[in-house]
1. Looking for something among the aliphatic types (A, V, I, L, M), outside any helix (DSSP H, G or I) and farther than 20 Å from residue 143 by Cα - is there at least one such residue anywhere in the range 98-119?
2. Among the numbered conditions (1) buried (at least 16 other Cβ atoms within 10 Å of the Cβ); (2) over 19 Å from residue 86 (Cα atoms); (3) β-branched (Val, Ile, Thr); (4) more than 8 Å from the ligand (Cβ to nearest atom), tell me where residue 157 comes up short.
3. If residue 83 meets every condition in (1) within 16 Å of the ligand (Cβ to nearest atom); (2) within 17 Å of residue 195 (Cα to Cα) apart from one, which number is that one?
4. Inspect the range 130-140 for any residue being surrounded by 14 or more Cβ atoms within 10 Å (Cβ to Cβ) and within 14 Å of the ligand (Cβ to nearest atom) and give the result as yes or no.
5. Under 28 Å from residue 4 (Cβ atoms), of a type in the set (S, T, N, Q) and at pLDDT 95 or above - does that describe any residue in the range 41-48?
6. Mind listing whichever residues of the range 192-205 are surrounded by 24 or more Cβ atoms within 10 Å (Cβ to Cβ) and of a type in the set (A, V, I, L, M)?
7. Kindly indicate whether residue 182 is within 11 Å of the ligand (Cβ to nearest atom) and more than 26 Å from residue 161 (Cα to Cα).
8. Just to be sure I understand the filter: pairs with C-beta atoms under 6 Å, separated by 6 or more residues or on different chains, first member in the range 186-206 and under 15 Å from residue 116 (Cβ atoms), second member within 14 Å of the ligand (Cβ to nearest atom) and part of a loop (DSSP other than H, G, I, E, B). Which pairs pass?
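The values are calculated or read from the model by the stated rules, or taken from the named source; none is laboratory data. Model, not experiment: these values are computed from the prediction. Heads up, the Cβs are rebuilt from the backbone with ideal geometry, glycines too, and the neighbour counts pull from every protein chain shown.
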Amino acid sequence: MSVNENLQKVLDTLPSHVKLVAVSKTKPEAMIMEAYQFGQRLFGENKVQELMAKQLALPADIEWHFIGHLQSNKVKYIAPFVAMIHAVDSLKLLKTIDREGAKNHRVINCLLQFYIADEETKFGLNMEEAIALLESADYASMKHVRLCGVMGMATFTSNSEQLSHEFKTLNNIFQELKNRYFHEDQFFSEISMGMSDDYLIALAQGSTMVRIGSTIFGERKYNHST
Ligand SMILES: *Cc1c(COP(=O)(O)O)cnc(C)c1O
């Protein structure tokens, strides 16, 4: 199967309001170009160095989403161009993004990452931490970040009931934050959840943005999730 065929297959399963982030990490530029020529514009990467190199080499109208764990000291490298940062998991990181956004005269779209998995290794906030962040004076003063919703990664399991439950939890978190803090804010609208193996379950639980890599580009040789 070619990238185009895989991409079309995935697109056929997505409702029209759901955005597809094609996760191109570890994959060569030629493969990204195949998807690009097919019309795909949103791509996801999880390593700063790799994203910088690809951004430089590939068409300027690609919207690059940073989907991995981001260290504060690396924000400056992607701040000039990144379309969305999916995994904001601390006030410290958000403050850095705001500062780098200011330096670049732009407002950077971000998602708050929540911890929904039953695993030690996954990053993310819990509700209490998110509330503390959203009610902080620091957040109130930020002018160069825009919170567009939430993101989460489910447990690595084939138990569809568990996956369903975890995605539902993230949807509930989104609704609660929306009602409490973003009622009037049209931008706070995204629930980024679902990967190759679980995105159909995520869609059923209200995902608005899926992040799909291996189903489109093939298996990766190495498979760091962060
Ligand atoms: C790698 C990755 C994906 C895509 O994973 P696939 O199983 O290849 O679809 C999605 N989200 C994040 C955060 C990732 O790191």
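1. Yes, the conditions are met somewhere in the range 98-119.
2. Going through the list (1) buried (at least 16 other Cβ atoms within 10 Å of the Cβ); (2) over 19 Å from residue 86 (Cα atoms); (3) β-branched (Val, Ile, Thr); (4) more than 8 Å from the ligand (Cβ to nearest atom), residue 157 breaks only (1).
3. Single failed check for residue 83: (2).
4. Scanning the range 130-140 turns up no residue that is surrounded by 14 or more Cβ atoms within 10 Å (Cβ to Cβ) and within 14 Å of the ligand (Cβ to nearest atom).
5. Checked against the condition, which is being under 28 Å from residue 4 (Cβ atoms), of a type in the set (S, T, N, Q) and at pLDDT 95 or above, the range 41-48 yields at least one hit.
6. 193, 202
7. no
8. Once the first residue is under 15 Å from residue 116 (Cβ atoms) and sits in the range 186-206, its partners that are within 14 Å of the ligand (Cβ to nearest atom) and part of a loop (DSSP other than H, G, I, E, B) give 191/207; 193/207; 194/207; 198/154; 202/193; 202/194.
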